[in-house]
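**Student:** Following this message is one structure expressed as structure tokens.
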Amino acid sequence: MQERYSPTAVEAAAHQDWQARDAYRVTEHAQNADGTEKPKFYACSMLPYPSGKLHMGHVRNYTINDMMARQLRMRGYNVLMPMGWDAFGMPAENAAIKSKVPPAKWTYDNIAYMKKQMKSMGLAIDWSREMCACDPKYYKWNQWLFLKMLEKGIAYRKTQVVNWDPVDQTVLANEQVIDGRGWRSGALVEKREIPGYYLRITDYADELLEQVRDGLPGWPERVRIMQENWIGKSEGLRFAFPHQIAGADGQLIQDGKLYVFTTRADTIMGVTFCAVAPEHPLATHAAQSNPELAAFIEQCKLGGTTEAEIATREKSGMPTGLTVTHPLTGEQIDVWVGNYVLMSYGDGAVMGVPAHDERDFAFAQKYQLPIKQVVAVEGKTYSTDAWQEWYGDKQSGRTVNSDKYDGLTFREAVDAIAADLTAQGLGEKQTTWRLRDWGISRQRYWGTPIPIIHCPDCGPVPVPEKDLPVILPDDLIPDGSGNPLAKNEAFLSCSCPSCGKPARRETDTMDTFVDSSWYFMRYTSPGNDEAMVDTRNDYWMPMDQYIGGIEHAVLHLLYARFWTRVMRDMGLLNFDEPFTKLLCQGMVLNHIYSRKNAQGGIEYFWPEEVENQYDAKGAITGAKLKADGSAVQYGGVGTMSKSKNNGVDPQALIDTLGADTARLFVMFASPPEQTLEWSDSGVDGSNRFLRRLWTLCHGQHESIARGLAAGSDWAQAPAPVKDLRREVYSLLKQADYDYQRIQYNTVVSACMKMLNAIDSAKLPDGAHADAARAETIGILLRVLYPVVPHITWHLWRDLGYAAPLGDLLDAPWPHVDEAALVADEIELMLQVNGKLRGSIRVAAQASKAEIEQLAASQEEVSRFLEGRPPKRVIVVPGKLVNVVG
């Protein structure tokens, strides 16, 4: 064993050994030595996008998973930890446009580099199960299940509103629309309706909601709430405002009824306007004779189409000049076009109750519309000057200014109003959902081809199952002028499966959420080209622990839950929920430094380029460049980002200080679910700890060899040996608990305390001391191994533990010796007149009188009391004794 710790040499040796033995290959139904079957545990991290390099968020995520996998393996579980690549999507197309190389080459080059990085981290991944979303062997099954869903009516085709870039002649994802303009061309984005394919996730809304409310105890509460809100079940009233507005054909538009949905039917007497979506038939009708309104409607069509963007957009509107009739009062209500109303939600119209809806309140103030209070709360004074939260309170209020409905509670008013409107044939109670069917069509190249053929005679025709997969050409280079598939005759040209005539392939590809909705099940059935999943999936699934960022708390998890149910209903699975437990790890943060440049843009600086300035309390107040002393602005801490020059390259850290240092720091610095603030001094401290561990073990070879060779009668051991064992086993007990609750930062803390205890123990020479060193160092190496597997594997082997206990990967997890936790003696702090003057050791079962007598007889007491007898002795059990003179 070399004297100095060399992480490069240690980690290379470990990797070579693990690879030579294929140490992490996992098989189903693994057995113990006695022939019993090991319990299975499937722990999986959300698959990464192959962006080119790992970042510290990856290091943290995968180390959490790796710690779990390694520790459970030592505890006797058959543990699966796989990895794959979310390889389709826009980033590859954007990179292709910039570098003029096919997305496939960019993607596979990145995968090769990132896989090398993962191996350098020492992750216990079973690479025999690796999957890649852009591999035809994988996306064949996306296409296959899509066709099955098409057969069963779960998948269907309809027109959809999309973001259209008129310059690049392409559809943009919502995230590519910035301030209403295309991210690349800068052109004002238009809304267009084009055909696309949808999946009926709404058919599963009730089940998805019920399970997320009551059936996922292993999920974080905030994630379950986010899913519940996204599904958005609302119980309310759908009713109509009658009207006499006729179209060009002389017929009443929408049969003379403007329908809206509300969850606040108790406020219906406070309606002072109605707002419709720009695409609503009443808006279209009004615009035909109003050029100004027509222009406003066209303006509304610019920008993104997401509900989130609509919510943050400044609310604007324009009157149509049309009116509808209030169904209860007969009053004429003005109809406005509102840019915040979506045609795709409900009936594309809302009732405006500015007195009790914050959005309507702001809209009414902006356009000086009437505000009529119809709900009051006792002791509260209503004002139209500014919105107050209680205006929207439906639990404490009672109706006012509401004619025959005055004085009713929310529930009473809803029931009464619903009954009256139902009697008129104008409304009924209804349940609505925020959740909409999942549109999977993307007008992009780099994705799973939708297996549809368009025939001039037969229309859209599914590709026969025998012809799957429809292969995506991987040599095309996007140029920003639309989907290159639409110009690729080799891909486009085909024959109709129904009539045999010339036809064209669908050029839309699938949403990449399709790829990530079931990849975790493909890990369980690698190499099967005949089925999507097989019986091995029944063994591993549901997944025991899923790990990933909170940014995936809604769509990815919701789509995966939906996809699982579709597979279940097709007889492919026998479970409902894919993920038993979910952990959302916190972000890795670092300091941000910037300043405006001469062109008005923001220039960011790396933390190592600046020198901080501090206030009297040690807080950073500013910074200056080391190069020239010029001032830069300190922006606090934020998520690591290349664009903000505050990322840390894991590979550079691994190359200099080793993967174990990186792993130790990201596990110790913060609990897994909380954010982690980067600290160079913390990284250095982690490396110092590993060097201390190496130094401690380096001098223990002979002692450990003697200790392993001989047993020990611990009852006869001297007190320092018993003290060391008691402290180490106490820390082991705490670490056991922390492993179970995934509080890995305190596991590391326990290991540090173990090292301190072992290093500082004053053990007398002899067999008991040798046995204690062998035992306690063996415990430390095993508890620490899941965190830093390389150095612990090396020390375990070199110190001779492998012979009696086996290789560290499968060494038995240490059990707490409860007898060692029972103290024969305890140490009490000795105080004289309240001041600490030393300590005394007493029998653990000593009586109060015995402790008092022993304390009073101490030399320190006599000296500090100057020979005077004590007036009294105060004993605090288990802690201290205070002699008062």
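**Student:** Please list, in order along segment 877-885, the HN-Hα scalar couplings obtained from phi with the Karplus expression 6.51 cos²θ - 1.76 cosθ + 1.60 (θ = phi - 60°), rounded to whole Hz, x for Gly and Pro.
**Tutor:** x, x, 10, 7, 9, 10, 9, 10, x
**Student:** Would you kindly derive the ³J(HN,Hα) couplings of segment 866-874 from the backbone phi angles with the Karplus curve 6.51 cos²θ - 1.76 cosθ + 1.60 (θ = phi - 60°), listing them in order in whole Hz, with x for Gly and Pro?
**Tutor:** Karplus values, whole Hz, x for Gly and Pro: 6, x, 6, x, x, 7, 7, 10, 9.
**Student:** Each residue of segment 693-704 in turn: what ³J(HN,Hα) in whole Hz from Karplus with 6.51, -1.76, 1.60 and θ = phi - 60°, glycine and Pro shown as x?
**Tutor:** Coupling constants for segment 693-704: 4, 4, 5, 4, 6, 4, x, 10, 4, 5, 4, 5 Hz.
**Student:** Under a Cβ-Cβ cut-off of 14 Å, what is the net charge of the residues other than residue 457 that fall near it, where Lys and Arg count +1 and Asp and Glu count -1?
**Tutor:** Neighbour charge sum, excluding residue 457 itself: +2.
**Student:** So, one more: Would you mind checking which residues have amide H under 5 Å from residue 233's amide H? H placed 1.01 Å from N; only 5 or more apart, or other chain.
**Tutor:** Here 434 satisfy the definition.
**Student:** May I ask you to give the average projected area over all directions of the convex hull of the Cα atoms of segment 672-794, in nm² rounded to one decimal?
**Tutor:** 8.2 nm²
**Student:** Distance between Cα centroids, segment 125-147 to segment 645-709: provide it in whole Å.
**Tutor:** The two parts, judged by their Cα centres, are 37 Å apart.
**Student:** So which trypsin sites (Lys or Arg not before Pro) in segment 372-472 end up in coil per DSSP with only 15 or fewer other C-beta atoms within 10 Å?
**Tutor:** 380, 434, 436
**Student:** How about segment 596-650: which trypsin sites (Lys or Arg not before Pro) there are in a DSSP loop, with at most 10 other Cβ atoms within 10 Å of their Cβ?
**Tutor:** The qualifying sites are 617.
**Student:** Under a 5 Å amide H to amide H cut-off, with H placed in plane at 1.01 Å, what residues pair with residue 837 once short-range neighbours are removed?
**Tutor:** 830, 831, 832
**Student:** Another question, if that's okay. Roughly how big is segment 530-594's charge dipole about its Cα centre, with Cβ charges of +1 (Lys, Arg) and -1 (Asp, Glu), in debye to the nearest 20?
**Tutor:** Roughly 180 debye for segment 530-594.
**Student:** What dipole magnitude, in Debye to the nearest 20, does the chain give about its Cα centre under +1 on Lys/Arg Cβ and -1 on Asp/Glu Cβ?
**Tutor:** Using only the charged Cβ atoms, the result is roughly 1300 debye.
**Student:** Moving on. Summing -39500 (n - 2.57) over the DSSP H runs of n ≥ 4 in the chain and dividing by its residue number, what mean residue ellipticity at 222 nm do you reach, to the nearest 500 deg cm²/dmol?
**Tutor:** -10500 deg cm²/dmol
**Student:** Another question, then. Go through segment 832-873 and name the trypsin sites (Lys or Arg not before Pro) that are in a DSSP coil and have 15 or fewer other Cβ atoms within 10 Å of their Cβ.
**Tutor:** Counting only loop positions with at most 15 other Cβ atoms within 10 Å, the trypsin sites (Lys or Arg not before Pro) in segment 832-873 are 871.
**Student:** Using Cα pairs under 8 angstrom and six or more residues apart, how large is the relative contact order of segment 787-869, in percent?
**Tutor:** Answer for segment 787-869 is 16 percent.
**Student:** Specify the angular offset, from 0 to 90 degrees and rounded to the nearest 10, of the alpha carbon long axis of helix 291-300 from the longest principal axis of the alpha carbons in the chain.
**Tutor:** For helix 291-300, the angle is close to 20 degrees.
**Student:** Report, to the nearest 10°, how far helix 7-20 tilts away from the longest principal axis of the Cα atoms in the chain, using its own Cα long axis and a range of 0 to 90°.
**Tutor:** 70 degrees
Bear in mind these aren't lab numbers, they're just calculated from the coordinates by the rules spelled out. Being a predicted model, the structure only gives us computed values, none of them experimental. Heads up, the Cβs are rebuilt from the backbone with ideal geometry, glycines too, and the neighbour counts pull from every protein chain shown.
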